[in-house]
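The values are calculated or read from the model by the stated rules, or taken from the named source; none is laboratory data. Values in this document were obtained by computation on a predicted structure and should not be read as measured data. So basically every Cβ, Gly included, is an ideal-geometry build from the backbone, and we count neighbours across all protein chains shown. Areas reflect the complete protein model, heavy atoms only, side chains present, ligands, DNA and RNA absent. Shrake-Rupley method; radii C 1.70, N 1.55, O 1.52, S 1.80 Å.
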Amino acid sequence: MGAEPARAADRTRRGPRQATAARREEILRAAAATFGQKGYKTGSLADVAEQVGMTHAGVLHHFKSKEQLLTAVLDFRDAEQVAALEGKHIPGGVELFRHLLLTARMNAERPGMVQTYAVITGEAVTDGHPARPWATARFAALRDEVADALVAWHPEVDRDLAYQAAGAILGVMDGIQIQWLLDPDAVDLAQSTTFAIEAIVAAVLAGPDRPQPVPPPAG
(Lines give C-alpha, C1' and ligand atoms only; values in the text may rest on other atoms or scores of the structure.)
Protein backbone atom coordinates (compact mmCIF):
# COMPACT_ATOMS: atom_id res chain seq x y z
CA MET A 1 0.00 0.00 0.00
CA GLY A 2 1.39 3.44 -0.95
CA ALA A 3 1.83 6.31 1.43
CA GLU A 4 -1.26 8.24 0.34
CA PRO A 5 -3.69 5.28 0.51
CA ALA A 6 -2.23 4.41 3.91
CA ARG A 7 -2.87 7.93 5.19
CA ALA A 8 -6.38 7.85 3.78
CA ALA A 9 -7.06 4.54 5.51
CA ASP A 10 -5.71 5.96 8.76
CA ARG A 11 -8.03 8.96 8.48
CA THR A 12 -10.94 6.62 7.82
CA ARG A 13 -10.15 4.61 10.95
CA ARG A 14 -9.55 7.71 13.04
CA GLY A 15 -12.73 9.50 11.95
CA PRO A 16 -15.24 7.13 13.55
CA ARG A 17 -13.14 6.91 16.73
CA GLN A 18 -13.05 10.67 17.05
CA ALA A 19 -16.79 10.91 16.42
CA THR A 20 -17.44 8.25 19.06
CA ALA A 21 -15.22 10.02 21.59
CA ALA A 22 -16.99 13.33 20.93
CA ARG A 23 -20.38 11.66 21.30
CA ARG A 24 -19.34 10.02 24.57
CA GLU A 25 -18.17 13.37 25.94
CA GLU A 26 -21.48 14.94 24.92
CA ILE A 27 -23.33 12.22 26.81
CA LEU A 28 -21.07 12.64 29.86
CA ARG A 29 -21.71 16.39 30.01
CA ALA A 30 -25.46 15.81 29.68
CA ALA A 31 -25.35 13.15 32.40
CA ALA A 32 -23.38 15.45 34.69
CA ALA A 33 -26.01 18.15 34.22
CA THR A 34 -28.85 15.69 34.79
CA PHE A 35 -27.36 14.17 37.94
CA GLY A 36 -26.50 17.64 39.23
CA GLN A 37 -30.02 18.94 38.74
CA LYS A 38 -32.03 15.85 39.70
CA GLY A 39 -29.62 13.59 41.58
CA TYR A 40 -28.50 10.16 40.50
CA LYS A 41 -31.58 8.26 41.62
CA THR A 42 -34.12 10.67 40.12
CA GLY A 43 -32.22 11.62 36.97
CA SER A 44 -32.87 9.03 34.28
CA LEU A 45 -31.09 7.81 31.18
CA ALA A 46 -34.09 9.11 29.25
CA ASP A 47 -33.33 12.61 30.59
CA VAL A 48 -29.75 12.26 29.40
CA ALA A 49 -30.80 10.91 26.02
CA GLU A 50 -33.22 13.77 25.45
CA GLN A 51 -30.49 16.37 26.02
CA VAL A 52 -28.25 14.87 23.33
CA GLY A 53 -30.97 13.96 20.83
CA MET A 54 -30.60 10.22 21.27
CA THR A 55 -32.75 7.33 22.36
CA HIS A 56 -32.39 5.53 25.67
CA ALA A 57 -30.92 2.60 23.74
CA GLY A 58 -28.45 4.96 22.06
CA VAL A 59 -27.04 6.03 25.42
CA LEU A 60 -26.77 2.38 26.46
CA HIS A 61 -24.77 1.71 23.30
CA HIS A 62 -21.99 3.92 24.73
CA PHE A 63 -22.50 3.17 28.44
CA LYS A 64 -23.90 -0.24 29.29
CA SER A 65 -25.75 0.85 32.44
CA LYS A 66 -26.70 3.90 34.43
CA GLU A 67 -24.14 2.96 37.08
CA GLN A 68 -21.40 2.72 34.45
CA LEU A 69 -22.42 6.16 33.17
CA LEU A 70 -22.16 7.60 36.68
CA THR A 71 -18.68 6.13 37.11
CA ALA A 72 -17.65 7.63 33.77
CA VAL A 73 -19.02 11.05 34.81
CA LEU A 74 -16.97 10.94 38.01
CA ASP A 75 -13.82 9.93 36.10
CA PHE A 76 -14.50 12.68 33.55
CA ARG A 77 -14.85 15.29 36.29
CA ASP A 78 -11.60 14.21 37.95
CA ALA A 79 -9.77 14.30 34.60
CA GLU A 80 -11.04 17.82 33.88
CA GLN A 81 -9.81 19.02 37.26
CA VAL A 82 -6.19 18.16 36.40
CA ALA A 83 -6.24 18.42 32.59
CA ALA A 84 -4.06 21.54 32.53
CA LEU A 85 -1.54 20.30 35.12
CA GLU A 86 1.84 18.81 34.33
CA GLY A 87 1.52 15.04 34.39
CA LYS A 88 -2.25 15.51 34.77
CA HIS A 89 -1.93 15.08 38.53
CA ILE A 90 -2.13 17.54 41.40
CA PRO A 91 1.31 18.78 42.49
CA GLY A 92 2.98 18.51 45.88
CA GLY A 93 4.29 20.97 48.44
CA VAL A 94 3.20 24.60 48.28
CA GLU A 95 2.08 24.13 44.67
CA LEU A 96 -0.75 21.91 45.84
CA PHE A 97 -2.16 24.72 47.96
CA ARG A 98 -1.85 27.14 45.06
CA HIS A 99 -3.71 24.57 42.99
CA LEU A 100 -6.54 24.45 45.54
CA LEU A 101 -6.93 28.22 45.42
CA LEU A 102 -6.85 28.18 41.61
CA THR A 103 -9.45 25.40 41.57
CA ALA A 104 -11.81 27.53 43.64
CA ARG A 105 -11.44 30.40 41.17
CA MET A 106 -12.02 28.07 38.23
CA ASN A 107 -15.04 26.46 39.90
CA ALA A 108 -16.72 29.85 40.13
CA GLU A 109 -16.91 29.70 36.32
CA ARG A 110 -18.34 26.17 36.10
CA PRO A 111 -21.29 25.96 38.51
CA GLY A 112 -22.82 23.00 36.67
CA MET A 113 -19.91 20.67 37.40
CA VAL A 114 -19.69 21.95 40.98
CA GLN A 115 -23.38 21.22 41.43
CA THR A 116 -22.94 17.72 40.06
CA TYR A 117 -20.07 17.06 42.46
CA ALA A 118 -22.00 18.44 45.45
CA VAL A 119 -25.13 16.42 44.71
CA ILE A 120 -23.33 13.14 44.01
CA THR A 121 -21.04 13.34 47.05
CA GLY A 122 -24.02 14.24 49.21
CA GLU A 123 -26.00 11.27 47.92
CA ALA A 124 -22.96 9.00 48.29
CA VAL A 125 -23.38 8.86 52.08
CA THR A 126 -26.57 6.80 51.63
CA ASP A 127 -26.41 3.02 51.87
CA GLY A 128 -25.71 1.23 48.63
CA HIS A 129 -25.13 4.34 46.51
CA PRO A 130 -22.88 3.48 43.53
CA ALA A 131 -20.75 6.59 44.08
CA ARG A 132 -19.94 5.74 47.70
CA PRO A 133 -16.73 3.77 46.96
CA TRP A 134 -15.52 6.54 44.64
CA ALA A 135 -16.24 9.30 47.18
CA THR A 136 -14.66 7.35 50.06
CA ALA A 137 -11.50 6.59 48.08
CA ARG A 138 -11.30 10.13 46.74
CA PHE A 139 -11.40 11.76 50.17
CA ALA A 140 -8.92 9.26 51.58
CA ALA A 141 -6.47 9.97 48.76
CA LEU A 142 -6.91 13.72 49.00
CA ARG A 143 -6.39 13.77 52.77
CA ASP A 144 -3.10 11.95 52.29
CA GLU A 145 -2.01 14.17 49.41
CA VAL A 146 -2.83 17.43 51.21
CA ALA A 147 -1.14 16.22 54.42
CA ASP A 148 1.96 15.10 52.50
CA ALA A 149 2.11 18.43 50.68
CA LEU A 150 1.86 20.35 53.95
CA VAL A 151 4.70 18.36 55.50
CA ALA A 152 6.79 18.72 52.32
CA TRP A 153 6.22 22.47 52.45
CA HIS A 154 6.88 22.71 56.20
CA PRO A 155 8.85 19.66 57.41
CA GLU A 156 8.57 20.77 61.03
CA VAL A 157 4.82 20.08 61.00
CA ASP A 158 3.72 16.85 62.68
CA ARG A 159 2.18 14.41 60.18
CA ASP A 160 -0.86 13.68 62.36
CA LEU A 161 -1.58 17.40 62.68
CA ALA A 162 -1.11 17.83 58.92
CA TYR A 163 -3.61 15.02 58.32
CA GLN A 164 -6.13 16.68 60.63
CA ALA A 165 -5.63 19.96 58.78
CA ALA A 166 -6.11 18.20 55.44
CA GLY A 167 -9.53 16.92 56.48
CA ALA A 168 -10.48 20.41 57.66
CA ILE A 169 -9.36 22.01 54.39
CA LEU A 170 -11.36 19.57 52.27
CA GLY A 171 -14.36 20.01 54.54
CA VAL A 172 -14.43 23.78 54.36
CA MET A 173 -13.88 23.76 50.60
CA ASP A 174 -16.93 21.55 50.06
CA GLY A 175 -18.99 23.49 52.59
CA ILE A 176 -18.19 26.82 50.96
CA GLN A 177 -19.14 25.38 47.58
CA ILE A 178 -22.56 24.38 48.88
CA GLN A 179 -23.18 27.84 50.35
CA TRP A 180 -22.09 29.41 47.06
CA LEU A 181 -24.36 27.15 45.01
CA LEU A 182 -27.32 28.11 47.21
CA ASP A 183 -26.59 31.86 47.23
CA PRO A 184 -23.76 32.94 44.90
CA ASP A 185 -24.38 36.62 45.61
CA ALA A 186 -23.76 36.13 49.33
CA VAL A 187 -20.61 33.99 49.11
CA ASP A 188 -17.46 34.70 47.11
CA LEU A 189 -16.23 31.20 46.35
CA ALA A 190 -12.60 32.10 45.65
CA GLN A 191 -12.15 34.61 48.47
CA SER A 192 -13.87 32.50 51.12
CA THR A 193 -11.88 29.41 50.12
CA THR A 194 -8.62 31.36 50.25
CA PHE A 195 -9.46 32.76 53.69
CA ALA A 196 -10.31 29.32 55.08
CA ILE A 197 -7.22 27.57 53.72
CA GLU A 198 -4.91 30.35 54.88
CA ALA A 199 -6.48 30.29 58.36
CA ILE A 200 -6.06 26.51 58.69
CA VAL A 201 -2.47 26.55 57.45
CA ALA A 202 -1.64 29.46 59.79
CA ALA A 203 -3.09 27.53 62.75
CA VAL A 204 -1.00 24.49 61.87
CA LEU A 205 2.18 26.53 61.59
CA ALA A 206 1.47 28.23 64.92
CA GLY A 207 1.65 24.82 66.58
CA PRO A 208 0.03 23.49 69.75
CA ASP A 209 0.75 26.71 71.65
CA ARG A 210 -1.27 28.82 69.25
CA PRO A 211 -3.85 31.23 70.74
CA GLN A 212 -7.34 29.84 71.06
CA PRO A 213 -9.65 32.77 70.27
CA VAL A 214 -12.78 30.65 70.71
CA PRO A 215 -13.22 29.55 74.35
CA PRO A 216 -13.51 25.74 74.63
CA PRO A 217 -16.98 24.40 75.50
CA ALA A 218 -17.71 24.05 79.18
CA GLY A 219 -17.87 20.65 80.82
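Filter the range 157-167 down to the residues that are under 19 Å from Ala199 (Cβ atoms) and not aliphatic (A, V, I, L, M), then identify the one that is farthest from the chain's Cα centre (by Cα). Result: Asp158. Listed conditions (1) farther than 21 Å from Met106 by Cα; (2) modelled with pLDDT under 95 are all met by Arg138, apart from (1).
One line per residue, one yes/no per condition, for (1) under 19 Å from Ala190 (Cα atoms); (2) buried (at least 17 other Cβ atoms within 10 Å of the Cβ):
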site: His61; (1), (2): no, no
site: Glu67; (1), (2): no, no
site: Glu80; (1), (2): yes, no
site: Ala118; (1), (2): yes, yes
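Counting only helices (runs of 4 or more DSSP H) wholly contained in the range 1-76, the ones carrying 1 or more residues that are under 21 Å from the mean Cα position of the chain (by Cα) and at pLDDT 90 or above occupy 3-38, 45-51. Within the range 183-219, the only residue that satisfies the criterion of being within 30 Å of Glu109 (Cβ to Cβ), assigned to a loop (DSSP other than H, G, I, E, B) and open to solvent by 100 Å² or more (accessible area, probe 1.4 Å) is Asp185.
Of the residues that sit in the range 139-178 and are under 25 Å from Thr121 (Cα atoms) and without any contact (Cβ under 8 Å) to a residue 12 or more places away in the chain, which one is most open to solvent (accessible area, probe 1.4 Å)? Top of the filtered list is Gln164. Scanning the range 22-54 for residues being of a type outside the set (Asp, Glu), closer than 22 Å to Arg110 by Cα, open to solvent by 50 Å² or more (accessible area, probe 1.4 Å) and without any contact (Cβ under 8 Å) to a residue 60 or more places away in the chain gives a total of 6. Per this entry, Thr136 is not counted among residues that are open to solvent by less than 40 Å² (accessible area, probe 1.4 Å), within 24 Å of Ala31 (Cα to Cα) and not in a loop (DSSP other than H, G, I, E, B).
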